[in-house]
Amino acid sequence: MRGIEVERAVSGLKPADVAAVLTDEALAFVAGLQRGFSERRAELLERRRERRRSIAAGASLDFLAETADVRDGDWVVAPPAPGLIDRRCEITGPTDAKMVINALNSGARAFMADFEDANVPTWSNMITGQRNLTEAITRTLVYTGPDGREYALGEERATLIARPRGWHLPERHVLVDGEPVSGALFDFGMYVFRNAHALVSAGAGPYFYLPKLESHREARLWNDVFTVAEDSLGLARGTIRATVLIETLPAAFEMEEILYELREHSAGLNAGRWDYMFSTVKTFRARGADFLLPDRGALTMTVPFMRAYTELLVATCHRRGAHAIGGMAAFIPSRRDPTVNARALAKVRDDKERESRDGFDGSWVAHPDLVPVCTEVFDAVLGGRPHQIDRQRDDVTVTARQLLAIRDTPGSITEAGLRNNISVAIRYLESWLRGVGAVGIDNLMEDAATAEISRSQIWQWIAVRARLADGRPVTADLVREIEAEELAAIRSAVGEPTFEGGRYADAAALFERVALADEFVEFLTVPAYEQVE
């Protein structure tokens with residue numbers, strides 16, 4: 001294929017299985033997207049860097065004057081697409097066969113199959129994930145576990161929604177004209193090319209969650225990608241639909257504009273809470289006490305700046321006829337410990353009750369056992385209705401100052417909080433380097449977003465010379481001292497053979513690279529990607 005170079009040797013996969021996914025036709029389609037949009041993608045990523053430099057120099061964020069006419073205009077997004085009308089409970093997870101089957105069978109209304117934060121972009125994971133989703137769509141996906149237990153799809157299945165990688169990530173195993181293809185365009189292109197017509201024939205469509213957007217211009221780029229894909233594949237305009245995760249602080253100031261740019265293809269917005277917290281730390285990481293956040297455990301959804309963000313999201317979506325989808329409660333149930341299980345169910349119930357009262361039309365869970373809780377809570381509010389978009393939040397007025405009320409967050413920075421950040425980051429990175437991107441740690445579901453909070457807080461605390469509640473300054477030396485203690489505790493907990501056979505040393509080195517470097521690393525997954533196949 002002219003100008004296209006592909007790594008076809010994939011660890012653990014048979015050449016025939018790889019060839020069935022990486023067909024010449026699918027790769028040519030992806031290459032066409034790359035050639036058509038790579039320059040604009042690069043320009044938008046540079047705009048991100050320019051804004052960060054401006055904020056570091058003292059600028060702030062505000063609603064855009066140049067798009068006031070959009071915010072003041074009388075418009076709505078397209079009506080919900082088939083399978084996206086009732087979204088009261090959505091389950092999320094990576095694209096391995098067992099997860100895909102269990103999620104689609106879970107009773108949730110939709111399943112977000114994740115090529116992003118819950119996934120590690122090893123070449124094997126990316127190819128296998130594409131194959132698994134295609135087999136799920138054709139109802140041929142099966143899985144046999146190590147214990148011999150067999151898994152198969154049931155008759156009633158959740159609507160499938162795929163999440164490609166963000167604009168910032170490359171796919172180094174595919175080169176187009178000598179340059180790595182955009183991970184976002186690869187994931188999207190392969191999925192839509194391979195599955196769009198089968199999905200439409202089944203009464204649904206190619207649906208997506210879009211991560212890490214920072215502006216309406218990035219939404220416009222996605223919309224143009226969708227339009228080109230629909231034209232190329234002979235799909236009616238609006239067949240492709242996308243829900244945008246509002247999970248960066250800059251995007252919170254452009255929610256209406258993002259919906260407007262995608263209005264033909266919009267399926268609403270989602271409150272991506274964990275990445276939003278990470279983005280808040282990242283955006284104002286070196287600006288001093290006014291932008292300093294306390295221990296991660298104190299960052300609840302009811303603190304002022306998070307409350308403003310979610311209230312604005314619901315009001316914006318409903319004003320424009322779009323679904324507002326709630327975020328992920330990190331608690332996960334336990335089938336072995338009744339006390340842990342009861343606590344998790346209570347925490348998730350409380351979280352979903354708050355969201356349903358606030359006007360969200362549905363929400364996310366990370367485990368099949370949480371689907372009944374989330375569904376029951378939204379059933380109580382929705383009754384026989386599929387959503388509550390008609391509930392206009394005219395009582396909500398959110399200012400830029402409220403979105404930036406970071407200093408009003410109660411709580412302190414403690415040794416326990418610092419220690420937890422270090423331990424969670426190392427344990428998660430060790431799993432990530434082994435190819436597993438969604439991990440239960442201390443009865444919480446951790447993915448790349450929650451690991452980002454942990455390491456970015458440490459970087460910020462050091463950079464602004466923050467002090468612990470006991471008066472000690474947070475320094476690199478203190479972090480390394482606690483890191484050594486936590487590594488010893490991990491070694492003791494998992495045992496010497498597991499520790500030495502794992503990637504804990506690599507994880508610790510990577511942790512120091514993304515938490516202690518002089519220059520802030522924008523995304524930990526970028527250097528981490530260098531260390532996986």
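The values are calculated or read from the model by the stated rules, or taken from the named source; none is laboratory data. From a predicted model like this one, the values you see are computed outputs, not experimental measurements. Positions of Cβ are generated from backbone atoms using ideal geometry, with glycine treated the same way; all protein chains shown enter the neighbour counts. The area values use the complete protein model at the heavy-atom level, side chains included, leaving out ligands, DNA and RNA. Shrake-Rupley method; radii C 1.70, N 1.55, O 1.52, S 1.80 Å.
In table form, for the structure just shown:
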quantity	calculated
Any hit, the range 260-268, residues being over 18 Å from the mean Cα position of the chain (by Cα), among the aliphatic types (A, V, I, L, M) and at pLDDT 95 or above	yes
Candidates R51, R41 - the one that is of a type in the set (K, R), surrounded by 13 or more Cβ atoms within 10 Å (Cβ to Cβ), within 27 Å of L262 (Cβ to Cβ) and in contact with a strand residue (DSSP E or B) (Cβ under 7 Å, 6 or more places away or on another chain)	R41
Complete set of residues in the range 68-122 that are of a type in the set (S, T, N, Q) and in contact with a helix residue (DSSP H, G or I) (Cβ under 7 Å, 6 or more places away or on another chain)	T95, N102, S106, N119
Scan of the range 54-92 for residues that are surrounded by fewer than 11 Cβ atoms within 10 Å (Cβ to Cβ), assigned to a helix (DSSP H, G or I) and not small (G, A, S), ordered by number	E66, D69, D72
Number of the exception - A26 against (1) surrounded by 12 or more Cβ atoms within 10 Å (Cβ to Cβ); (2) touching a helix residue (DSSP H, G or I) at 6+ places or on another chain (Cβ under 9 Å); (3) assigned to a loop (DSSP other than H, G, I, E, B)	(3)
Entirely in the range 384-471, the helices (runs of 4 or more DSSP H) that have 1 or more residues that are more than 17 Å from F305 (Cβ to Cβ)	415-433, 448-463
Identity of the residue in the range 139-171, of a type in the set (K, R) and in a loop (DSSP other than H, G, I, E, B), that ends up most open to solvent (accessible area, probe 1.4 Å)	R149
Residue within the range 366-380 that is free of Cβ contacts under 8 Å to residues at least 40 places away in the same chain, more than 24 Å from A451 (Cβ to Cβ), in contact with a Pro (Cβ under 9 Å, 6 or more places away or on another chain) and open to solvent by 20 Å² or more (accessible area, probe 1.4 Å) present	no
Matching option when the condition is under 26 Å from V521 (Cα atoms) and in contact with an Asp or Glu (Cβ under 9 Å, 6 or more places away or on another chain), among G297, G327	G327
Residues that are open to solvent by less than 10 Å² (accessible area, probe 1.4 Å), over 20 Å from the mean Cα position of the chain (by Cα) and not small (G, A, S), drawn from the range 227-246	E230
Selected residue (criterion: farthest from I441 (Cα to Cα)) from residues of the range 365-383 that are among the β-branched types (V, I, T) and assigned to a helix (DSSP H, G or I)	V381
Complete set of residues in the range 475-533 that are in a helix (DSSP H, G or I) and of a type in the set (S, T, Y)	S492, T498, Y504, T525, Y529
Matching option when the condition is within 22 Å of R87 (Cβ to Cβ) and either free of Cβ contacts under 8 Å to residues at least 12 places away in the same chain or surrounded by 24 or more Cβ atoms within 10 Å (Cβ to Cβ) (or both), among L249, L269, L293	L269
Those residues of the range 104-131 which are over 21 Å from V200 (Cα atoms) and over 14 Å from the mean Cα position of the chain (by Cα), in sequence order	S106, G107, T122, W123, S124, N125, M126, I127, T128
Complete set of residues in the range 177-196 that are among the aliphatic types (A, V, I, L, M) and surrounded by 24 or more Cβ atoms within 10 Å (Cβ to Cβ)	V181, A184, L185, M190, V192
A344 vs. criteria assigned to a helix (DSSP H, G or I), within 24 Å of D117 (Cβ to Cβ) and modelled with pLDDT under 95	yes
Complete set of residues in the range 348-363 that are in contact with a Gly (Cβ under 6 Å, 6 or more places away or on another chain) and either open to solvent by 10 Å² or more (accessible area, probe 1.4 Å) or not in a helix (DSSP H, G or I) (or both)	F360, S363
Residues located in the range 419-462, provided they are crowded, with 24+ Cβ neighbours inside 10 Å and acidic (D, E)	E446, D447, E452
Lone qualifier among R491, R465, R513 - being farther than 25 Å from W274 by Cα and open to solvent by 20 Å² or more (accessible area, probe 1.4 Å)	R491
Qualifying residue in the range 71-80 (condition: free of Cβ contacts under 8 Å to residues at least 60 places away in the same chain and among the hydrophobic types (A, V, I, L, M, F, W, C))	no
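Residues are listed down the side, and each one gets a yes or a no for (1) at pLDDT 95 or above; (2) of a type outside the set (G, A, S); (3) under 26 Å from the mean Cα position of the chain (by Cα):
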{"site": "A380", "(1), (2), (3)": "yes, no, no"}
{"site": "G384", "(1), (2), (3)": "no, no, no"}
{"site": "I389", "(1), (2), (3)": "yes, yes, yes"}
{"site": "T399", "(1), (2), (3)": "yes, yes, yes"}
{"site": "L404", "(1), (2), (3)": "yes, yes, yes"}
{"site": "R407", "(1), (2), (3)": "no, yes, yes"}
{"site": "E415", "(1), (2), (3)": "yes, yes, no"}
{"site": "V424", "(1), (2), (3)": "yes, yes, yes"}
